[in-house]
Amino acid sequence: MTTSTPQDQPAVDPEVRAELGRLRDSIDNIDAAVVHMLAERFKCTQQVGHLKAQHALPPADPARESRQIERLRQLAENAKLDPAFAEKFLNFIISEVIRHHEQIAAGSSPSGD
């Protein structure tokens, strides 16, 4: 991998550099919000996992997962986001939630708690 130095890069208009900085700041803020929202979501799913474990319910709920995926795909379409990407993202989250629920049911604490 090569690294570039400032003298290797073409001169960039200060207005373009400022706009790039503004956009990157917005991206950083959105990333922080996403992380905080995911943390809140996982707090709720941990509670679901404990409730399921207390009542001997299975860690996964395929019918709900299917409904959630379809719902998220529709939300993605409405938001002009690739529904396939949204589905992959939700599937990743669901697999983590199920893993946590399995750990809770087995009597161990999910990682990160």
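Take the conditions (1) open to solvent by less than 80 Å² (accessible area, probe 1.4 Å); (2) without any contact (Cβ under 8 Å) to a residue 60 or more places away in the chain; (3) in contact with a helix residue (DSSP H, G or I) (Cβ under 9 Å, 6 or more places away or on another chain); Gly49 misses just one of them, which is (2). Quick check on my filter: what residues within the stretch 25-46 are of a type in the set (Ser, Thr, Tyr) and surrounded by fewer than 11 Cβ atoms within 10 Å (Cβ to Cβ)? Correct list: Ser26 only. Please work out if Gln54 is within 30 Å of Ala106 (Cβ to Cβ) and open to solvent by 80 Å² or more (accessible area, probe 1.4 Å). Considered against the rule, which asks whether it is within 30 Å of Ala106 (Cβ to Cβ) and open to solvent by 80 Å² or more (accessible area, probe 1.4 Å), Gln54 comes out as yes. All of (1) at positive phi; (2) part of a helix (DSSP H, G or I); (3) not polar (S, T, N, Q) hold for Ile30 with one exception: (1).
Does any residue of the stretch 70-81 turn out to be touching a residue at least 40 places away in the same chain (Cβ under 8 Å) and not in a helix (DSSP H, G or I)? Break it down stepwise before answering.
Of the stretch 70-81, the ones touching a residue at least 40 places away in the same chain (Cβ under 8 Å) are none.
No - not one qualifying residue is present in the stretch 70-81.
Screening the stretch 99-113 for residues that are modelled with pLDDT of 95 or more and of a type in the set (D, E, K, R) and picking the one that is surrounded by the most Cβ atoms within 10 Å (Cβ to Cβ) gives Glu102. Here Glu65 meets each of (1) under 24 Å from Ala105 (Cα atoms); (2) open to solvent by 90 Å² or more (accessible area, probe 1.4 Å) with one exception, condition (2).
The values are calculated or read from the model by the stated rules, or taken from the named source; none is laboratory data. Please read these numbers as outputs of a predicted model, since none were measured by experiment. Positions of Cβ are backbone-derived with ideal geometry, glycine not excepted, and every protein chain shown enters the neighbour counts. Side chains included, ligands, DNA and RNA excluded: accessible areas come from the protein's heavy atoms. Shrake-Rupley method; radii C 1.70, N 1.55, O 1.52, S 1.80 Å.
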